[in-house]
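Peer 1: Quick one: the structure is below, and I'll ask about it shortly.
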Amino acid sequence: MSESERKDSPEQAQFRSQCQAWLANNHPGKPPVTIPQGALELSDPDAMQWLQQWQKAAYDAGMIGCDYPVEVGGGGKEGHQGIANQEMQRAKTPYLPNIIGMGMAAPTIFFHAQEDVKAELLPKLLSGEHIWCQGFSEPGAGSDLANQQTFAEKDGDNWIINGHKVWTSLAHFADWMILLCRTDKSDKYNGLSYFVVPIKSALGKGVKVQPLIKMTGQTGFNEVLFENLVIPDRYRLDAVGAGWKVAMTTLAHERGAGPLVTPASGGMATEGETGVSVSSVGSLIDLARSHQRLGKTAADDPVLRDEIIKLMIRRESIQQNNRRSAVAELTDHPMRIPLQSKLVSTEFNQDLAEVAYRVEGAASTLNRNDPNAPAGGQWPLAYMNSFGVTIAAGANEVQRNILGERVLGLPKSK
């Protein structure tokens, strides 16, 4: 019995057993189509459809949205989502495609939308029937998020939106977008308002989505242009001018520091197109033991062995630090571990892939479609994709400033 299971209440233990039984009989198995390493790289409609079917099945089984009230499409079982997450990860299920919807849009809607809007949007968001994207970044508003220039102008009971969003993951599939706009040009922070916008139904009628090709050759990112898009005022979240406050709710959950638990990505999230895992030190060790260089394996190189041992130590420290977060007596600040988790985990995964890159040596230049590429070419792909994750949710440099100022109480950086 795991430590988590020992701490379960009788109700939680029963729920865990239900999850285990359902997963044993309903695991979707190997994907019939090629899926990328993570949801944000999805570009094939068939892959998206297969993953949406998986999310819908897990939702219908009560394993997604557990902590949300029944009235808005949730399970009404507060404190149970973490259990479902543990069991999905243990069962190595596929990742859930509506990652932005569940991790950012759902909690923001729950805490800031009108009751009828919650009831309208959350059930199909949690089930994965409606895919969501995030309209924050602009060509001139990246780390300086408050420099929004996409403008929403009030027109009776409606708003008219004009502007340009960029780096918009999953916009090419999205039915809806969470959108931060400027509604007052005279006040940088209090002049922002927050909306939910139906973009798929407005394609060609005020919304244009254009893909951006990454250095991996994959899409996933997009730019979204708004030209006189009309939406009703009921899709505004919170008060006019409260957009910055609402955005902080979004970002807190994106960084893992919000009160609502996001459904797990599953255990296959980084296995990618060939089924090769690129998510653990164990898989890196397997690569080092199997990859030949100058008549020896890469594992025979003492410098590389030292690098791998350092990664093992870091992995263990991350795991133990996460365990510490559940012990109140060991938690000196409620935001320390949630906020630092994004920082240390994304840099760990980047460094993990970078060492694998060096293990492969010259062979790391082979395309993933080349049959001679080690591990199906998944490690170099993971390394290139890792840079997007260290930038997302506020670049890691910004995250360090947040930890310094809000957790350690250091003076604000200039």
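The values are calculated or read from the model by the stated rules, or taken from the named source; none is laboratory data. Here the structure is a predicted model, which is why all the values come from computation and not from measurement. In this analysis, Cβ positions are derived from the backbone assuming ideal geometry, glycine residues included, and neighbour counts consider all displayed protein chains.
Peer 1: Which members of segment 246-267 meet the condition of being in a helix (DSSP H, G or I) and buried (at least 17 other Cβ atoms within 10 Å of the Cβ)?
Peer 2: 246, 247, 249, 250, 251, 252, 253, 254
Peer 1: With the structure loaded, tell me whether residue 84 is in contact with a Cys (Cβ under 8 Å, 6 or more places away or on another chain), part of a helix (DSSP H, G or I), crowded, with 20+ Cβ neighbours inside 10 Å and among the small types (Gly, Ala, Ser) or whether it fails that test.
Peer 2: yes
Peer 1: Follow-up. Go through (1) surrounded by fewer than 18 Cβ atoms within 10 Å (Cβ to Cβ); (2) part of a loop (DSSP other than H, G, I, E, B) and name the single condition residue 227 misses.
Peer 2: (2)
Peer 1: What are the residues in segment 352-374 that are closer than 28 Å to residue 167 by Cβ, part of a helix (DSSP H, G or I) and of a type outside the set (S, T, N, Q), if any?
Peer 2: 352, 353, 354, 355, 356, 357
Peer 1: Then there is this: Are any of the residues in segment 348-357 polar (S, T, N, Q) and within 24 Å of the chain's Cα centre (by Cα)?
Peer 2: Among the residues of segment 348-357, at least one is polar (S, T, N, Q) and within 24 Å of the chain's Cα centre (by Cα), which makes the answer yes.
Peer 1: Can I ask one more? Can you tell me which of 125, 51 is among the hydrophobic types (A, V, I, L, M, F, W, C), at pLDDT 95 or above and within 27 Å of residue 399 (Cβ to Cβ)?
Peer 2: Exactly one of 125, 51 is among the hydrophobic types (A, V, I, L, M, F, W, C), at pLDDT 95 or above and within 27 Å of residue 399 (Cβ to Cβ), namely 125.
Peer 1: Same structure again: Would you mind telling me which numbered condition in (1) at pLDDT 85 or above; (2) closer than 14 Å to residue 255 by Cα residue 397 fails?
Peer 2: For residue 397, the failing item is (1).
Peer 1: Let me ask something else. In segment 169-195, which residues are modelled with pLDDT under 95 and of a type in the set (S, T, N, Q)?
Peer 2: Within segment 169-195, 169, 186 qualify.
Peer 1: Pick from 77, 92: which is surrounded by fewer than 21 Cβ atoms within 10 Å (Cβ to Cβ) and within 18 Å of the chain's Cα centre (by Cα)?
Peer 2: Within the list 77, 92, the selection yields 92.
Peer 1: Considering segment 165-196 alone, what residues qualify as being among the hydroxyl-bearing types (Ser, Thr, Tyr) and not in a loop (DSSP other than H, G, I, E, B)?
Peer 2: 193, 194
Peer 1: Give segment 145-184 a look and list any residue that's among the small types (Gly, Ala, Ser) and touching a Lys or Arg at 6+ places or on another chain (Cβ under 6 Å), or say none.
Peer 2: Within segment 145-184, 146 is the sole residue that qualifies.
Peer 1: In segment 28-49, which residues are within 21 Å of residue 381 (Cα to Cα), in a loop (DSSP other than H, G, I, E, B) and touching a residue at least 24 places away in the same chain (Cβ under 8 Å)?
Peer 2: 30, 31, 34, 35, 36, 37, 38, 42, 43
Peer 1: Right, residue 348: in a helix (DSSP H, G or I), touching a Lys or Arg at 6+ places or on another chain (Cβ under 6 Å), within 22 Å of residue 215 (Cβ to Cβ) and in the same structural domain as residue 285 (by TED's automatic domain parsing) or not?
Peer 2: Judged against the criteria, residue 348 is a match.
Peer 1: Quick one: in segment 95-127, which of the residues that are among the small types (Gly, Ala, Ser) and buried (at least 23 other Cβ atoms within 10 Å of the Cβ) is nearest to residue 171 (Cα to Cα)?
Peer 2: 101
Peer 1: Something else: Which pairs turn up if I take residues in segment 195-218 that are without any contact (Cβ under 8 Å) to a residue 60 or more places away in the chain and look for partners that are surrounded by 16 or more Cβ atoms within 10 Å (Cβ to Cβ) and among the acidic types (Asp, Glu) with beta carbon separation below 8 Å, at least 6 apart in sequence or on another chain?
Peer 2: Matching pairs, first to second residue: 198/175; 200/175; 201/175; 209/223; 210/223; 212/223.
Peer 1: Give the number of residues within segment 128-168 that are surrounded by fewer than 16 Cβ atoms within 10 Å (Cβ to Cβ), closer than 11 Å to residue 181 by Cβ and polar (S, T, N, Q).
Peer 2: 1
Peer 1: On to the next question. Out of everything in segment 385-414 that is outside any loop (DSSP other than H, G, I, E, B) and hydroxyl-bearing (Ser, Thr, Tyr), what residue ends up being farthest from residue 332 (Cα to Cα)?
Peer 2: It comes out as 386.
Peer 1: Oh, and also: Mind listing just one residue for me: the one in segment 50-62 that is small (Gly, Ala, Ser) and part of a helix (DSSP H, G or I) and, of those, surrounded by the fewest Cβ atoms within 10 Å (Cβ to Cβ)?
Peer 2: Per the stated criteria, the residue is 57.
Peer 1: Which residue pairs have Cβ atoms closer than 6 Å, lie 6 or more positions apart in sequence or on different chains, and pair a first residue in segment 121-144 that is in contact (Cβ under 8 Å) with a residue 40 or more places away in the chain and not assigned by TED's automatic domain parsing to the domain that holds residue 109 with a second residue that is hydrophobic (A, V, I, L, M, F, W, C) and surrounded by fewer than 19 Cβ atoms within 10 Å (Cβ to Cβ)?
Peer 2: 143/395; 143/398
Peer 1: Residue check: is residue 8 surrounded by fewer than 15 Cβ atoms within 10 Å (Cβ to Cβ), at negative phi and touching a residue at least 40 places away in the same chain (Cβ under 8 Å)?
Peer 2: no
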